[in-house]
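Read the structure below first, then the notes.
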Amino acid sequence: MNTKNNSRRRQSVEKIEKAFVQLLQTKELKDISVAEICKMTGLNRSTFYANFIDIYDLADKFADKMAEDFTEFLNSNNASENTGAHLVFKHIYENQIFYKTYFKLGYDRKFKVLAYDEKRAKSDFGDADIKYHIEFFRNGFNAIVKLWLAGGCKESPEYMAEIIKKEYRGR
């Protein structure tokens with residue numbers, strides 16, 4: 001394999017993804033065209049199609065990459081119970097465009113932004129109906145993140161972590 005070509009390909013994909021995210025801030029996915037992305041990036045359509053089937057393939061691959069990046073973040077920050085939510089909200093705060101894009105694409109219904117601590121849930125709720133507790137928490141967390149992002153993340157990550165902590169412990 002030619003390293004120079006691999007590097008060039010990675011740079012092209014990064015340009016395409018950056019343009020895609022930028023366009024998603026003002027447009028719906030269905031209104032974004034390959035031609036528009038190519039014009040923004042200065043790349044040929046053949047370069048786009050060498051990496052993606054169409055806009056929807058780009059969206060799917062980008063969502064997969066976002067989910068992998070978040071999972072990697074969680075795994076690299078072995079956070080304790082007391083700091084975990086704070087680190088997650090700090091990461092969301094520092095990567096607002098990433099998360100706005102994730103939610104705008106609707107991938108929160110396909111993937112879950114927050115990995116749920118099933119062991120902890122079992123200790124708090126027992127085994128009975130655990131799948132319902134997990135789903136309730138995940139969807140509630142996603143809803144809170146969406147609301148926070150829509151408001152421009154005005155509250156601090158620490159404040160948002162406290163909200164989650166109160167909700168989780170307030171049963």
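The values are calculated or read from the model by the stated rules, or taken from the named source; none is laboratory data. Keep in mind the model is a prediction, meaning the values are calculated, not measured. Here Cβ is always computed from backbone atoms with ideal geometry, including for glycine, and neighbour counts include all displayed protein chains.
Quick notes on this one:
- Scanning segment 132-171 for residues that are surrounded by fewer than 15 Cβ atoms within 10 Å (Cβ to Cβ), modelled with pLDDT under 80 and either part of a helix (DSSP H, G or I) or in contact with a His (Cβ under 9 Å, 6 or more places away or on another chain) (or both) yields Glu167, Arg169.
Conditions (1) at pLDDT 85 or above; (2) closer than 25 Å to Lys104 by Cβ; (3) surrounded by fewer than 18 Cβ atoms within 10 Å (Cβ to Cβ); (4) of a type in the set (Val, Ile, Thr), marked per residue:
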residue	(1), (2), (3), (4)
Ile16	yes, yes, no, yes
Ala19	yes, yes, no, no
Gln25	yes, yes, yes, no
Lys30	yes, yes, yes, no
Phe48	yes, yes, no, no
